[in-house]
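The values are calculated or read from the model by the stated rules, or taken from the named source; none is laboratory data. Everything quoted here is computed from the prediction, not taken from an experiment. Here the Cβ is made from the backbone with ideal geometry for all residues, glycine too, and neighbour counts use every protein chain on show. Quick note on the areas: whole protein, heavy atoms, side chains included, nothing else; ligands and nucleic acids left out. Shrake-Rupley method; radii C 1.70, N 1.55, O 1.52, S 1.80 Å.
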Amino acid sequence: MQTVTDSTGAFSVILPSSFAVDAEPFTNDAGVVFAQVSGSENLAAYNEDNDTFGVTVLVAPASAVGTAQQFAELLDPGPEVCADGSVDNTYDTGIGEGTLLLLDGCGTGGGFAKVLVSVSLPAQGVVLVVVAQGTGPADDVLREFAEAIFATVSAA
């Protein structure tokens with residue numbers, strides 16, 4: 001395992017040692033900076049498709065993305081990418097009530113899935129989200145992986 005701190009210094013997360021990582025922030029079209037760490041054994045493919053196993057952790061200002069539920073809705077790729085989905089807006093993240101989004105029927109041949117775990121952290125004024133992608137179904141090993149990664153996120 002490897003501990004990775006995003007380049008803004010907002011948070012650290014523990015990822016598999018085999019993962020290549022990107023810890024650079026990105027700025028959306030509105031000029032909002034998102035602290036992020038992405039990891040995958042094939043980071044280029046992960047960033048380009050809806051199939052490759054990997055994970056992204058984002059921390060964004062709540063003033064820009066709203067609540068955990070609103071941020072999850074913003075990140076949902078929709079039915080054109082993932083045919084099936086379910087949402088739990090009362091999901092216990094262990095650090096507060098958040099949103100769990102389970103998406104199946106994603107990517108090539110619909111054989112892949114995405115799991116999104118999101119929680120608002122009002123004291124810090126941010127929303128934390130973990131998005132994992134890989135072989136489906138979402139509510140199985142991929143969900144366990146996303147939850148395990150989520151549990152390792154800490155303020156840097």
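Say R0 is 25 Å: what FRET efficiency, to the nearest 0.05, do residue 32 and residue 95 get from their beta-carbon distance?
Values: r = 23 Å, r/R0 = 0.91.
My answer for the efficiency is 0.65.
What relative contact order, as a whole-number percentage, does the chain give when Cα pairs under 8 Å and 6 or more residues apart are counted? Kindly include the intermediate steps, with their values, before the conclusion.
Details: 382 pairs, mean separation 34.3, N = 156.
Relative contact order of the chain: 22 percent.
Using 0.36 nm times the number of residues separating residue 8 and residue 43, minus their current alpha carbon distance, what extension gain do you get? Don't jump to the answer; show the numbers that get you there.
Numbers: separation 35, 0.36 × 35 = 12.60 nm, distance 2.00 nm.
Contour length minus the Cα-Cα distance gives 10.6 nm.
May I ask you to evaluate 6.51 cos²θ - 1.76 cosθ + 1.60, the Karplus curve with θ = phi - 60°, for each residue of the range 79-94 and list the ³J(HN,Hα) values in order in whole Hz, giving x for glycine and proline?
Once rounded to whole Hz, the list reads x, 6, 9, 10, 5, 10, x, 9, 9, 10, 8, 10, 6, 7, 7, x.
Under a 1.4 Å probe, what is the accessible area of the chain per residue, stated in Å²? It would help to have the intermediate numbers written out before the result.
On the way: 7310 Å² over 156 residues.
Value returned for the chain: 47 Å² of accessible area per residue.
Please find the FRET efficiency linking residue 144 to residue 80, where r is the Cβ-Cβ separation and R0 is fixed at 35 Å, and quote it to the nearest 0.05. Don't jump to the answer; show the numbers that get you there.
On the way: r = 27 Å, r/R0 = 0.77.
Efficiency at R0 = 35 Å is approximately 0.85.
Principal axis lengths of the range 31-149 from Cα atoms, whole Å, largest first?
For the range 31-149, the Cα spread along each principal axis is 41, 28, 26 Å.
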